[in-house]
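Notes to accompany the following structure.
The values are calculated or read from the model by the stated rules, or taken from the named source; none is laboratory data. Just so it is clear, the structure is predicted and the values come from calculations on it, not from any experiment. Cβ placement follows ideal geometry from the backbone for every residue including glycine, while neighbour counts extend to all protein chains displayed. Protein only, heavy atoms only, side chains kept; ligands, DNA and RNA dropped before computing areas. Shrake-Rupley method; radii C 1.70, N 1.55, O 1.52, S 1.80 Å.
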Amino acid sequence: MRKKSLIFLAMVLLVTLIMAGCASMKSQTAATTPKYPDRPITVIVPFSAGSGPDLIARLLEKTAPQHLGQPLVVVNKPGGSGTLGFNELVGASPDGYTIGISTVEVIANPLYGSTKYNYITALDPIAQITNSPSVLAVQAAQPWQDLAAVIEYGKSNPGKLKFGHQGIGSFSHIVGETFSQNTESKLEQVPFRGGGETIAALLGGHVQIAFVSPAMIKEHIKNGTIRALAVSASQRLSDPVFAEVPTFKEQGLDIVFNNWFGVTAPKEMPLEVKNKLTEGLKAIISTPEFKNSVENMGLQLNYLGPQETAAQWQADSQKLTKTVKETGILELIKAQKQ
């Protein structure tokens, strides 16, 4: 009997020691595991300084320490219509310390077969911040006062209307080719290296039409040098400068496209890190100061969380896949590569 008691006591002691050891290890792990984030977070911007995505990153940077507990460090990686920066982001460690600004090129670039990765599956959307339509703009000195006049002129004078955009396969090119096809206006596309060059060409009379973001022409509209005839949004813009500009849909054309800026990260980020990052970014975006700054840029604040953003990516992928084939953009890009 005494022997059984000793064995029982020995087992109790052993279990107690094991439990104490586990508790100690857990305590040590908690003490040594850093709380995210414990150092600055790098934000890759796949476009040049001063671009729309860059300006959004700089806005996030302003109040990041307050809402995330650490600063954001913006790093510009322009090249290949965003491909260079997106590729670097895909290859980064998924520890939450490297994130990036996403644009519609995440969807469009892989469609052209020129990317190393399919970004929809290689990146993890964290948030959508803004969306922005394309605006059909003409020089104010031109006689066309509305979209119908442009369409009529294009049909009557095939090949005489040139439209400027920000590069073959770009968002503005997609909208322009869709307009040309839907109206049978026979527009000739002219690519430029950015919105600034496109607007300069419009003002100089080198192209008669330009498809650009509202932010790029806002001051020109106010100064009376450019006239906006249509926006590719589903409804009119709230900005007073564009409030009287009708949508394509209002004018009988089923053209609804929005570019967007958001935040994305490498796949396989730990859930607790992703949640902390999501909460911090949402807090930044929700401030009145952030909203005012975005609207002053000519953009529309339209926050979506991770799941909603992923759904938006899928919807846009289906739409753009169909559009670049039907408009001939895909064939144009293939021909350039040969």
Subject >> P(r) histogram, all alpha-carbon pairs of region 176-325 included - 5 Å bins from 0, percent >> reply: 1, 7, 14, 17, 19, 16, 11, 8, 5, 2, 0
Subject >> Convex hull volume of region 125-169 per residue (C-alpha atoms, cubic angstrom) >> reply: 140
Original post:
How many angstrom lie between the C-alpha centres of region 105-184 and region 263-338?
Top reply: 17
**OP:** Calculate for the chain the 222 nm mean residue ellipticity that helices alone would give, adding -39,500 (n - 2.57) per DSSP H run of length 4 or more and normalising by residue count, nearest 500 deg cm²/dmol.
**Re:** -15000 deg cm²/dmol
Original post:
Over all Cα pairs of the chain, how is the pair count split among 10 Å bins, expressed in % and running from 0 up to the last occupied bin?
Top reply: 5, 23, 29, 19, 9, 5, 4, 3, 2, 1, 0, 0
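Using 0.36 nm times the number of residues separating E152 and T278, minus their current alpha carbon distance, what extension gain do you get? List each step's numbers first, then the result.
Working: separation 126, 0.36 × 126 = 45.36 nm, distance 4.86 nm.
Gain on stretching E152 to T278: 40.5 nm.
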**OP:** Identify which of P240, P266, P78 has the largest mean-square fluctuation in a Gaussian network model of the chain, with springs joining Cα atoms closer than 10 Å.
**Re:** P240
Original post:
Fully extended, how many nm does the chain gain between Q181 and Q307 (0.36 nm per residue separation, minus their Cα-Cα distance)?
Top reply: 42.0 nm
Original post:
Q314 label point, 7 Å along Cα→Cβ, cut-off 19 Å on backbone N: hits in region 117-150?
Top reply: 118-128
Subject >> Under 12 Å from the E295 label point (7 Å along Cα→beta-carbon), backbone N, region 198-238 >> reply: 238
**OP:** Count the DSSP beta bridges whose two residues both fall in the chain, then state the antiparallel fraction as a percent rounded to the nearest 5.
**Re:** 60
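Using a/c under 1.5 as the rounded threshold, could you call region 81-192 rounded, prolate or oblate? The axes a ≥ b ≥ c are square roots of the C-alpha gyration tensor eigenvalues, and prolate needs a/b larger than b/c, oblate otherwise.
In terms of gyration-tensor shape, prolate.
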Subject >> Residues L84 and S286, FRET efficiency given R0 of 30 Å [Cβ-Cβ distance, rounded to 0.05] >> reply: 0.45
Subject >> Base-10 log of normalised Debye intensity for region 36-137 (one unit scatterer per alpha-carbon) at q = 0.19, 0.22 Å⁻¹ >> reply: -0.97, -1.24
Original post:
Label Q145 and T42 with points 7 Å out from Cα along Cα→Cβ: what is the distance between them in nm?
Top reply: 5.6
**OP:** Subtract the Cα-Cα distance of E197 and K35 from 0.36 nm times their separation in residues, and report this length gain in nm to one decimal.
**Re:** 53.7 nm
Subject >> Those trypsin sites (Lys or Arg not before Pro) in region 140-232 that DSSP places in a loop and that have at most 13 other beta carbons within 10 Å >> reply: K160, R193
**OP:** Report in % the part of the accessible area of the chain that belongs to carbon and sulfur, leaving out ligands and nucleic acids; probe 1.4 Å.
**Re:** 55
